[in-house]
Amino acid sequence: MTVLMSRRAEALWVAALAAATIAVYAQVVGHSFTNYDDPLYIMDNPHVRTGLSLENAVWAFRSGEVANWHPITWLSHQLDCTLYGLNAGMHLLTNLMLHLASTLLLYLFLRKATGRIGPSLLVAALFALHPLHVESVAWVAERKDVLSTFFAMLALLAYLRFVRRRTFGAYALTAVFFALGLMAKPMLVTLPCVLLLLDYWPLGRFEGASGFVRRGAWLIFEKIPLFALTIASSIITYMVQNHGGAVRSLENLPLDERFFKIVLAYFLYVKLMFIPRGLTIMHPIYAVYAPSIASIAAILLGMAGVTAACWMARRRAPWGIVGWFWYLGTLAPVIGIVQVGDQIISERYTYIPLIGLFIALAWSFDALPRRLRMPRALPWAISLFILAILAGLTCRQVGFWKDRIAMFERAVAVTEENPSAHKSLASGLEDAGRIDEALRHLVRVTELAPNKWEGFYDVGTVLLKHGAPTDAVSWLEQAILLGPTESQPHINLSLAYFRTGRMEEAAAAARKAHALDPDSAEALTCLGTALAAQGRISEAFPYFQQASALAPDTPGGWLNLGVALRAMGRHQEALEYLDRYLAQEPNSVSALVNSAMALQALGQQEEALARYQAALRLDPKNTDAQNGVKAISASF
């Protein structure tokens, strides 16, 4: 009866943990996609948004898109698109289910490996409810985190079966789950080292007559196939990320700065585990953290002290050294030895590493009553109190991920001097039609980064897009002063000049853009448009031709060629391009009017009249269409 009640109690605690996890994260079902990686992974990726198919599956295994090779992650996104389309809430529900599954599998592994219910439950609860893990669950593009961890937990259970039963099938299953995890996210490369730590404790495989060193050598040899998978994954990952331009060179981030960042990151992750404040999607390297030599030395001393303490206590508290080295080791692939991107830390990187620290803390808590002679229930009461606080913080943090505006408002609030956060927030505000607010944040970018052309360019571009070309000119001119070799500011300046009637200056700016980037169809189009507006059609035409040759599938190029050919009197050729354009854009007034003029000149009066009338239905005040109708009507 006691055993039965114990199992019932255990089942109730596990059910309570599952319910708490779902309750904290349930709000993700109402969230939307972000403008941060989600378009690249799902919304704007035709190989994903069209769903699971043989063609898309082949692409998943061949693709190095987004500077990553993770075919299993691509397949999971494709499957979600097949099932749910572009319903972000349902994609996030998949993330939540994977997170919950990993939580339960983690508990099951620890429970089976140690025989201890209490600390195993505490580790699983900390994993499920810690706010540092929100980024991995509440962000669709971070599917790779929850998916790879799910396979990692399955690999741990398969490995435990192998240790207990010594069967080839269990070992093969471990390797298969490990390989699937690597193909979901290569951060899992350290899993064989984690298995060695688990061999020490709780599996006790280093003990035996052959001695510690011999046992260790054999256990490493046993894992050679797994290490081979690690090496293969590491090589593929480095090649793909380097080819994708994601790896920062020593010139961009020197070794001393890289070392400081690594030390600081190890400290910051631990700090945020104990004090989860200021959590956000962006923790930039510069402007936010500027550690001194003294602070780096203090962190190093602290890390050395923790390592020494864990080593000295390894016999009576082996979980300490296992948990600490789990944390240090599993963070190594993303700590900045090879720097990818501009983050000093990323909360998603803690998803697996913090399990090590949770293990050390949970088993230390479990040992307190025996060592301090306190009531056995006291540490667990404290644990429940801490978990309740963490659950509240996590629930609040999940709310910051409801949409891209909320996400980057949070980033701006906790890292105010963060140009990237202001720029991303401005993008969301602009798409929401809140143009004035977007401009305020873009202007703030220029104040935080006054020597970078991009901020000034962004302000000018938004002004240009939203009907203020005169105001845009000065911002774009400043962008050119700071980035004189960049073609895009010259292109937009040409457009701003054009819209303010300054045609000569528009042509000059477009010529400069073309000189900087001869293969830019946009620069050639701007130049041709500025010349055509001055009546210099024969000069404009070759530029339209070149632009169309560089971007042959761009309908706008067909329209420009059609209009120019008609103005040059080459009506039949003009009609071919204009009809081609109308097949794509049947409601284009310009194409309808110009094709009607070409038809009229070719003597096809009835068809010309029909197109003039169609243009007037779309734009009743179009004078060219009105005059065309009058002229044709008078001739009947």
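Data overview
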item: Cα-only Debye scattering, segment 523-579: base-10 log of I(q)/I(0) at q = 0.18, 0.22, 0.25 Å⁻¹; result: -0.49, -0.73, -0.94
item: 5 Å-binned pair-distance histogram of segment 114-227 (Cα, whole percent); result: 2, 11, 17, 21, 19, 15, 9, 4, 1, 0, 0
item: Listed pairs Lys423/Lys452; Lys423/Lys465; Lys112/Lys185; Lys223/Lys261; Lys144/Lys402 exceeding 22 Å between Cα atoms; result: Lys112/Lys185; Lys223/Lys261
item: Which of His466, His283 is most accessible, then next, and so on - probe 1.4 Å; result: His466, His283
item: Radius 10 Å from Cβ of Lys185, net charge of other residues (Lys, Arg +1; Asp, Glu -1); result: +1
item: Length released on extending from Leu618 to Gln534, taking residue separation times 0.36 nm less the Cα-Cα span; result: 27.5 nm
item: Inter-site label distance for Arg166 and Gln545 at 7 Å from Cα along Cβ, in nm; result: 8.2
item: Exposed GluC sites (Glu not before Pro) absent - longest run of the chain, DSSP non-H/G/I/E/B, at most 12 other C-beta within 10 Å; result: 252-636
item: When the convex hull of its Cα atoms is projected in every direction, mean area for segment 426-555 (nm²); result: 8.1
item: Accessible surface of Phe177 - all protein chains present, 1.4 Å probe, nearest 10 Å²; result: 40
item: Semi-axis lengths (Å, descending) of the ellipsoid that matches the C-alpha gyration tensor of segment 518-636; result: 26, 14, 12
item: Surface accessible to a 1.4 Å probe, Phe212 within the full protein complex, Å²; result: 120
item: Student exercise, the chain dipole from Lys, Arg, Asp, Glu Cβ charges, in Debye to nearest 20; result: 3860
item: Cα gyration tensor shape for segment 305-395, rounded if a/c is under 1.5, else prolate or oblate; result: oblate
item: FRET efficiency, Ala601 to Thr500 (Cβ-Cβ, R0 56 Å, nearest 0.05); result: 0.95
item: Options Trp401, Leu384, Leu368, ranked by Cα towards positive dipole end of segment 367-418, top entry (Cβ charges); result: Leu368
item: FRET E, pair Ile220, Lys402, Förster distance 51 Å, beta-carbon r, rounded to 0.05; result: 0.60
item: nm² value of the averaged projected area, convex hull over the Cα atoms of the chain; result: 35.4
item: Rg(Cα) / (2.2 N^0.38 Å) computed for segment 102-176, rounded to two decimals; result: 1.22
item: Protein-only accessible surface order, largest first, of Leu516, Leu121, Leu195, Leu384 at 1.4 Å; result: Leu384, Leu516, Leu121, Leu195
item: Descending semi-axes in whole angstrom, ellipsoid equivalent of segment 428-491, from the Cα gyration tensor; result: 19, 14, 9
item: Computed lengthening from Ala16 to Arg316, 0.36 nm per intervening residue step minus Cα-Cα distance; result: 104.8 nm
item: Separation between Cα centres of segment 573-636 and segment 54-104, rounded to whole Å; result: 48
item: Trypsin sites (Lys or Arg not before Pro) within segment 128-182, DSSP loop, no more than 11 other Cβ atoms inside 10 Å; result: Arg166
item: Accessible surface of Val146 - all protein chains present, 1.4 Å probe, nearest 10 Å²; result: 0
item: Taking the convex hull of Cα positions in segment 88-145, its mean projected area over all directions (nm²); result: 3.9
item: Dipole magnitude of segment 569-636, debye to nearest 20 (Cβ charges: Lys/Arg +1, Asp/Glu -1, about Cα centre); result: 200
item: The chain, helix-only ellipticity at 222 nm - DSSP H runs n ≥ 4, -39,500 (n - 2.57), divided by all residues, nearest 500; result: -23500 deg cm²/dmol
item: Solvent-accessible surface ranking, highest first, for Asp145, Asp458, Asp44, Asp37 at 1.4 angstrom; result: Asp44, Asp37, Asp458, Asp145
item: Computed over segment 474-526, the ratio Rg/Rh where both radii use C-alpha atoms and Rh is Kirkwood; result: 0.93
item: Two-site FRET efficiency, Ser633 against Thr470, from Cβ-Cβ distance with R₀ of 56 Å, rounded to 0.05; result: 0.85
item: Calculated Rg and Dmax of segment 23-177 using C-alpha coordinates, Å; result: 17.1, 48
item: Volume per residue that the Cα convex hull of segment 6-77 spans, once the total is divided by residue count, Å³; result: 144
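The values are calculated or read from the model by the stated rules, or taken from the named source; none is laboratory data. Only a predicted model underlies this, so the values are computations on that prediction, with no experimental measurement involved. Note that each Cβ is placed from the backbone with ideal geometry, even for glycine, and that neighbours are counted across all protein chains shown. These area figures cover heavy atoms from the full protein model, side chains too; ligands, DNA and RNA do not enter into them. Shrake-Rupley method; radii C 1.70, N 1.55, O 1.52, S 1.80 Å.
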